[in-house]
Structure formats: structure tokens, C-alpha cells
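What follows is a single structure, written as C-alpha cells, with notes after it.
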Amino acid sequence: MKQTYFELIGQENLWQLIADFYEEIKKDDVLRPMYPKALEPAQERLFLFMMQYLGGPNIYSENRGHPRLRMRHVRFPIDQEARDRWFRNMTVALDKNAMPEQGKEFLRRYFSDTATFLKNK
Ligand code: HEM
């Protein structure tokens, strides 16, 4: 059977990635104000979304329904700078992650493309 990216990356590494990403968000003076005061629930949503996207359990959609990422981002002003900051924060988190290089390569491309797709300004 073909291995999923979720299996390749591993749940612990994925959790760590999203936790490290939110540590960067905390320091980001452009993006931090867009996020809710309590970051933990947002962190959990992104983790569950990525787990599902990578072929793991579908807990995200059981809780939140269809992702509709573009629709869920229209209320945040995502211009080129916001897009670049989001991606840079994720790159910092990826660079220090323990997952296999193949997982990092896959995620860099996915995050770059998706962040561009979510631009709405
Ligand atoms: C391009 C820059 C981006 C900005 C400024 C941004 C900002 C935000 C903000 C402020 C939230 C609300 C936090 C919450 O309460 O959940 C959010 C939610 C979310 N974002 Fe982004 N985001 C960006 C890109 C991305 C990308 C690239 C992905 C996926 C790879 C993503 C996936 C999600 C998900 C899954 C949620 C939770 C949706 C829900 O269930 O309500 N975002 N984003």
C-alpha cells in the first residue's frame, strides 16, 4: 500500500511544525493582529486541517465541514506582504523540523502555492 505524506511526516513532527509556526505568528506584527486573541484553537484547526490534507484522519471536516479555505480567508486582508510573511513563518518552522526532507519539499511547494491562492488584495 502506498504511504501517505501524513505517515511519512509523522504526527509528532506535524504537531511540532504547526506549534513552531504559531510561535512565529506571535512575533509577527502584521499577521498577529489578524488572528484571534487565543491562538491555541487556531493552532489546533491548522493542525487538524493539515493532518487531513496529508491523508490522515478526517477530524477537521468532522468538526468544521468542508475546508473552503478561500472563503474562510476573505475577511483577512491578504496582500503580497501578508502572503510572504505567512510563508516565511512557515519556512522558519519547516527548516528546524525533524521530518524527512521529502516531506519538507512537498510542504514548501504546497504552502507556497496555497498562500498565493489565498491572496485577496
Ligand atoms: C497567506 C497568508 C495567510 C493568512 C494571513 C492566514 C490567516 C488566517 C487567519 C487569521 C485565520 C483564523 C485563525 C483561526 O481562528 O482559525 C486562518 C485560519 C485558517 N487558515 Fe489561514 N492564513 C493564511 C494562509 C493559509 C494557508 C496557506 C493555509 C493552508 C495551507 C491556511 C489554512 C488555514 C486553516 C485550515 C484555517 C482554519 C479554518 C477554519 O476551520 O476556520 N491558511 N488563517
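Read-outs: derived from the displayed coordinates by stated rules, not from any lab. Only a predicted model underlies this, so the values are computations on that prediction, with no experimental measurement involved. Here Cβ is always computed from backbone atoms with ideal geometry, including for glycine, and neighbour counts include all displayed protein chains.
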Order of I9, I78 under a 10 Å beta carbon neighbour criterion, fewest first: I78, I9
For region 69-82, 3J(HN,Hα) per residue [Karplus equation, 6.51 cos²θ - 1.76 cosθ + 1.60, θ = phi - 60°, Hz, x = Gly/Pro]: 4, 5, 4, 6, 9, 5, 7, 9, x, 9, 9, 4, 5, 4
May I ask you to evaluate 6.51 cos²θ - 1.76 cosθ + 1.60, the Karplus curve with θ = phi - 60°, for each residue of region 46-59 and list the ³J(HN,Hα) values in order in whole Hz, giving x for glycine and proline? 5, 4, 5, 4, 5, 4, 5, 4, 7, x, x, x, 8, 5
Run through all the Cα pairs of region 1-72 and give the fraction in each 5 Å bin from 0, expressed as whole percent. 3, 15, 23, 22, 20, 11, 4, 1, 1
Counting sequence-distant residues (5 or more places) and residues on other chains, those with an amide H built under 5 Å from that of N97 are none
What aspartates and glutamates does K37 reach when the alpha-carbon gap must be under 18 Å and sequence neighbours fewer than 8 apart in one chain are set aside? D20, E23, E24, D28, D29
For the chain, alpha-carbon Rg over 2.2 N^0.38 Å: 1.03
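Among the listed pairs K26/K96; K96/K121; K27/K121; K2/K26, which have their C-alpha atoms separated by more than 28 angstrom in this model?
Cα-Cα > 28 Å for K96/K121; K2/K26; rest within.
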